[in-house]
Amino acid sequence: MNNPSAGPSSKTKVGSSQSSETSFKRKRGVFQKDLQHMMYGFGDDPNPFPETVALVEDIVVEYVTDMVHKAQDIASKRGKLLTEDFLFLIRKDLPKLNRCTELLSMNEELKQARKAFEVDEEKLASTE
Amino acid sequence: MQTMKQSKDPFEVAFEEQEESPPESPIAADENETQTPAAAAASGQGDDVGTSVPPSLPSTTTGAAISIGAAGPIVKSKEEDEEEDEENMEIELGKFPPSGDPDKMAKMQTILSQFTDEQMNRYESFRRSGFQKANMKRLLTSITGSSKISVPMTIVVSGIAKMFVGELVETARIVMTERKERGPIRPCHIREAFRRLKLEGKVPRRSVPRLFR
């Protein structure tokens, strides 16, 4: 599985013929649009410099990569990689931990709500 | 589904409140709070653990479209993004700033009602921005090499990454004030911010140094 081009900082632009899910080459600017809005929200200019956005994207990808590798190290004892492994990694960082538990419980609530909504729709459909 | 109109979007409520009654909290405290809306909101978000079930939950899928129409003065320059971002917004709009705690909610409403247009714009970007689920999923798949990345995992990693971006940008702004520079953030500020975050231990370090970058 070790592949020298698996490094996330590979700078080649991938042609459309290589955009498979397991491709290890990474396009530039994948998160560019999202990051511009995000950086503005956190205090940057309404129009951040493109170089800054590119640098932040590189840093974030490296951050996520390192974190995933650490999570995989933790998970390797148990077997599968689970969401709990990420929560364990950030256990010392209270704002992040609280935010993640909040997001997860919201996700659950939305799932329940959607389920309830579908059940109602079925009832309506069957009574027509 | 289009007839569900009871979205209680915080921007909408704040605008209504502005017309009804003046805020009751002391001005001095408010001024400080309105100066750093992003920081206050960020820490407010972080403190929350329990969330009460918002009454407008069933309408969150359409809540996005409806509250956009209602909160007119807010600049809506990202309308094309709305469809793609709808999944993100379901999560964002279904939750109000410190929910479940009436005191915090009231505080938040008074803060929001006093936002200038620019502050409201920025706060909106702060709440709504996020990483695309599909892109994050693709990234996680390519890192782990396994094909099954669960949705909660994507959500958690996106949340962590967004907060990390926040730390980077805020630290970069601190660096800029120290250097007495203004304007958009430049890469040198981000690099210095990243260096400081590493010193604080907020960045996972590899026990084996990275080769062949």
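The values are calculated or read from the model by the stated rules, or taken from the named source; none is laboratory data. Everything numeric here is computed off the predicted structure, so don't read it as measured data. Neighbour counts run over all protein chains shown; Cβ positions are idealised from the backbone, glycine included. The area values use the complete protein model at the heavy-atom level, side chains included, leaving out ligands, DNA and RNA. Shrake-Rupley method; radii C 1.70, N 1.55, O 1.52, S 1.80 Å.
Observations on the structure shown:
- Matching helices (runs of 4 or more DSSP H) fully within region B:110-188 where at least 3 residues are open to solvent by less than 20 Å² (accessible area, probe 1.4 Å) and within 7 Å of chain A (Cβ to nearest Cβ): B:133-144, B:151-178
- The residues of region A:47-69 that are among the polar types (S, T, N, Q) and part of a helix (DSSP H, G or I), listed by number, are A:T52, A:T65.
- Filter pass, A:L110 being at the interface with chain B (Cβ under 7 Å from one of its Cβ atoms), touching a residue at least 12 places away in the same chain (Cβ under 8 Å) and not charged (D, E, K, R): no
- A:Q72 vs. criteria open to solvent by 40 Å² or more (accessible area, probe 1.4 Å), in a helix (DSSP H, G or I), among the polar types (S, T, N, Q) and within 7 Å of chain B (Cβ to nearest Cβ): yes
- Verdict on B:T177 being of a type in the set (S, T, N, Q) and in contact with a helix residue (DSSP H, G or I) (Cβ under 7 Å, 6 or more places away or on another chain): no
- Residue in region A:85-94 that is among the aromatic types (F, W, Y) and closer than 16 Å to B:N135 by Cβ present: no
- Checking every residue in region A:54-68 against the condition of being buried (at least 18 other Cβ atoms within 10 Å of the Cβ), facing another protein chain (nearest Cβ under 7 Å) and farther than 30 Å from B:R186 by Cβ gives zero matches.
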